[in-house]
Amino acid sequence: MEWYTYIIVIAIGIVAGIINTLAAGGSLLTLPVLMALGLPPNMANGTNRIAIFLQNVVGVGRFHQQKVMDFPSGFKVGIPAAVGAIAGAFIAVNLNDEVMKLAIAGVMLVVFFLMLLNPNRWINSHETQPPIPYWLQVIVFFFVGVYGGFIQAGVGFFLLTSLVLASGYDLLKSNALKLFVILLYTPLAIVIFFVHGDVDIWMGLVLAVGNMTGAWIGTWMAVKKGAAFIRYFVLAAILIASTKLIVDALKAL
């Protein structure tokens with residue numbers, strides 16, 4: 001691989017790290033790049049998780065330094081998500097890829113309009129919007145974990161939605177908890193992909209350099225700008241990601 005390819009991968013990783021930390025959907029950038037470099041889809045999916053894991057180590061550490069991270073809350077929602085992720089990483093789904101892309105894009109657009117039409121619910125904390133019963137949260141985060149274990153791309157959108165609408169946190173705290181939840185289950189998924197020979201460790205580490213840098217920048221922006229800024233960033237990220245999924249799916253149909 002040429003030297004400039006590494007620079008491109010790191011640069012894409014920086015952008016993806018910022019997007020993943022402030023919102024979600026960075027994997028929609030990194031997965032196509034990894035596949036363009038010759039990695040099969042399953043290997044790209046597994047390799048990308050090395051960068052995601054190290055990105056979230058940095059992100060969680062930075063949010064903790066900024067006194068935003070709530071580890072007890074993270075474990076409460078992260079453990080059911082981790083159990084779901086183990087199941088998701090083993091699941092062999094026969095659903096048509098294009099149909100799945102359209103379904104995911106549709107859900108993202110629903111989230112987009114919920115956030116657009118009721119902004120206060122995403123910006124205010126759970127002091128004004130009580131969470132749903134914890135047993136229901138366990139079910140919600142288990143299924144989000146199943147999705148995250150199976151397909152990493154876009155899981156952050158569903159985690160943010162669940163943390164705000166089900167657990168009652170504002171977007172700043174939800175962003176921090178989102179990174180912690182993904183940090184919990186990603187090593188489990190990596191092991192499963194690695195055992196099946198679907199991880200390129202070297203490429204994952206190169207990509208991780210960019211993702212970790214992006215996470216450092218993203219956490220600084222999140223804390224400095226606050227929940228209102230994050231809302232606008234998430235709205236833009238959802239619109240771009242869902243549009244890309246719809247266009248890709250329609251081209252393939």
Label point distance in nm, residue 57-residue 139, each placed 7 Å from Cα along Cα→Cβ: 3.7 nm
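About the Cα centre, and with charges only on the beta carbon of Lys, Arg (+1) and Asp, Glu (-1), how big is the dipole of region 3-252? Nearest 20 debye, please.
In debye, rounded to 20, region 3-252 gives about 520.
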Cut-off 19 Å, label 7 Å out along Cα→Cβ of residue 224, residues of region 8-29 by amide N: 14-23
Net length gained if the chain between residue 8 and residue 35 were fully extended (0.36 nm per residue, minus Cα distance): 8.3 nm
Contour minus Cα-Cα distance for residue 250 and residue 90 (0.36 nm per residue): 54.8 nm
Spatial separation of Cα centroids for region 46-84 and region 171-187, in angstrom: 4 Å
Set of lysines with alpha-carbon distance to residue 244 below 19 Å, sequence-local pairs under 8 removed: 101
Lysines whose Cα lies under 24 Å from that of residue 173, excluding same-chain neighbours fewer than 8 positions away: 67, 76, 224, 225
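By the scheme Lys and Arg +1, Asp and Glu -1, what is the net charge of all other residues having a beta-carbon under 15 Å from that of residue 47?
Taking every Cβ under 15 Å from that of residue 47, the sum is -1.
No lab work stands behind these numbers, since they all come straight from the coordinates. It should be emphasised that the depicted structure is a prediction, and the values quoted were computed from it without experimental measurement. Glycine gets a Cβ as well: all are built from the backbone with ideal geometry, and neighbour counts include every protein chain shown.
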